[in-house]
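S.K.: A single structure is presented below for examination.
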Amino acid sequence: MANCCGGKNAGKKIGWGRYAAGLTVFIGYHGAMRALLTAASVPVPALKKVRDFHKECFETDLKEILAFEDINLNGRLDTTPCDIPYSLDDIETVSVDDEPVVTIPFTATDDAMTAAAG
Amino acid sequence: MLKTQHSDVLTESEPPSELMGPGRYPRLKSKEITLMFSGGIDSTASAIKMSDHYDRVHLVTYKNGYGHYHFDRTTKRVEELNDKLGNRFRYTLISTKSYFDQILVNNVLRDYKKYRSGFIWFMGCKMAMHMRSAIYCLENGVRFMTDGSNMDTEEMVEQSLMSLSMIQHFYEDLTVEFGTPVYDVKRSDSKNLIRELNLNMGIEVLDRHLCIQPTCLAGELYYMPYLLFNKRVKHDEYDVARFIKEKSEVARAIVNEYFAQKGVDLDELLQDRKQQLEEAGPRNQYQEAS
């Protein structure tokens, strides 16, 4: 996958302590959700799709986390510039006291949109 | 707050000013704006800014029906804003569950196989919200639409420039003018704006303000690897664009059906709006409306 900075904190270094605590929270929260969806999909069969979708997402994320994919554990990740089709330099930071700037720069995304239309 | 039973509107702070019917279309209101509102930092800052430029700000909040709760927080925020800024805000809480089902949930497994990423849940949810916002603007004669998208939260797929641009095209087809007033405003400035009005800032944890807006369980789960491990959120721009394009067509069909059920000819309604827009003339939506 490409084309995404992935957030302002993406790729920042974390240590083993945070990784272990994070993994506990991650599995705990998802596990609780899985149990909830499984129980709820008995009286509401329409939720089976949601349950199965959650299972797919959870398993994919868990595999990536266990493989340390895109996680900068103890500085092991070489942080590279993001690969997005526009330059953030083109976006000016303004003050809330200024008149609002509202125009979204269409040109920034022409490539992706043309590709999608194609 | 009024309780409405007969439609997808769950709560509204006041009844609509004019009711639309076959051949009866609302007058275009260029000094009013609709804002997709949660009560969080960005949408509250947008609401405050918009109240400087518009006579009336329509705050719309959506409930998707899937682990989406604590809407009382939004209601409290609206009350705070009306108290501080003089009853300029009309609030409506709308259920988007049936639209979200049609756009995504009914085919979520098929779509997951196709796009291979959980972003489809959020983008699908957001498209249902934007679609219903466009309907809101058409029903209430509101010319402008906005939200609190901000570049500081660019990890959220629905707030990327590409997604916003495609959404803007969707609105444009329905004669609604969409923009994002706080996109490049620093989050710290938005916070200061809210603090100056002495509004509730919630519980501050790191950069986040908890308990001031509804909770979205799916959102918490999806962005958890980013929050816990600083793991990059991966969205392929091409896939996101393809998804939005596909779902825009579904959303447009829902809009057609919505008005058909009310006996309103959508083409005629849009034609009427276009005529009114021509009469009103082009304008910079925020600057000239003030």
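S.K.: Taking the protein assembly as shown on its own, what percent of its Cα-Cα pair distances exceed 35 Å?
M.R.: Summing the P(r) of the protein assembly as shown above 35 Å gives 26 percent of all pairs.
S.K.: Something else about it: Could you tell me what percent of the DSSP beta bridges with both partners in chain B are antiparallel, to the nearest 5?
M.R.: On the way: 11 of 30 bridges.
Rounded to the nearest five, the antiparallel share is 35 percent.
S.K.: Once you list every other residue whose beta carbon is under 13 Å from the beta carbon of A:L37, what net charge do they have if Lys and Arg are +1 and Asp and Glu are -1?
M.R.: Taking every Cβ under 13 Å from that of A:L37, the sum is +3.
S.K.: Report, in whole Å, the centroid distance computed from the Cα atoms of the range B:150-216 and the range B:45-98.
M.R.: About 13 Å separates the Cα centre of the range B:150-216 from the one of the range B:45-98.
S.K.: Quick one: of A:K63/B:K186; A:K12/B:K76; B:K63/B:K186; A:K49/B:K262; B:K76/B:K231; A:K48/B:K97, which pairs are farther than 26 Å apart, Cα to Cα?
M.R.: In this structure, A:K63/B:K186; A:K12/B:K76; B:K63/B:K186; A:K49/B:K262; B:K76/B:K231 lie more than 26 Å apart at Cα.
S.K.: Determine the shielding of peptide A:48-58 by partner chains: average, over its residues, the number of Cβ atoms on other chains within 10 angstrom of each Cβ.
M.R.: The shielding value for this peptide is 5.
S.K.: Where does chain B land on the Kirkwood hydrodynamic radius, alpha-carbon pairs, in angstrom?
M.R.: One over the average 1/r among Cα pairs gives 19.5 Å for chain B.
S.K.: Specify the residue with the greatest mean-square fluctuation among B:D52, B:D207, B:D239, computed from a Gaussian network of chain B linking alpha-carbon atoms under 10 Å apart.
M.R.: Evaluated over chain B, the most mobile residue of the options is B:D207.
S.K.: Hey, another quick one. Relative contact order for the range B:143-290 using alpha-carbon pairs under 8 Å, separation at least 6, rounded to a whole percent?
M.R.: This gives 23 percent for the range B:143-290.
S.K.: Okay, moving on. Which of these, B:S30, B:S13, B:S188, has the largest mean-square fluctuation under a Gaussian network model of chain B (Cα springs below 10 Å)?
M.R.: Of B:S30, B:S13, B:S188, the Gaussian network model singles out B:S188 as fluctuating most.
Each value in this text was obtained by applying a stated rule to the coordinates, not by laboratory testing. This one's a predicted model, so the numbers in the text were calculated from it and none came from an experiment. Cβ atoms come from the backbone with ideal geometry, glycine included; neighbour counts cover every protein chain shown.
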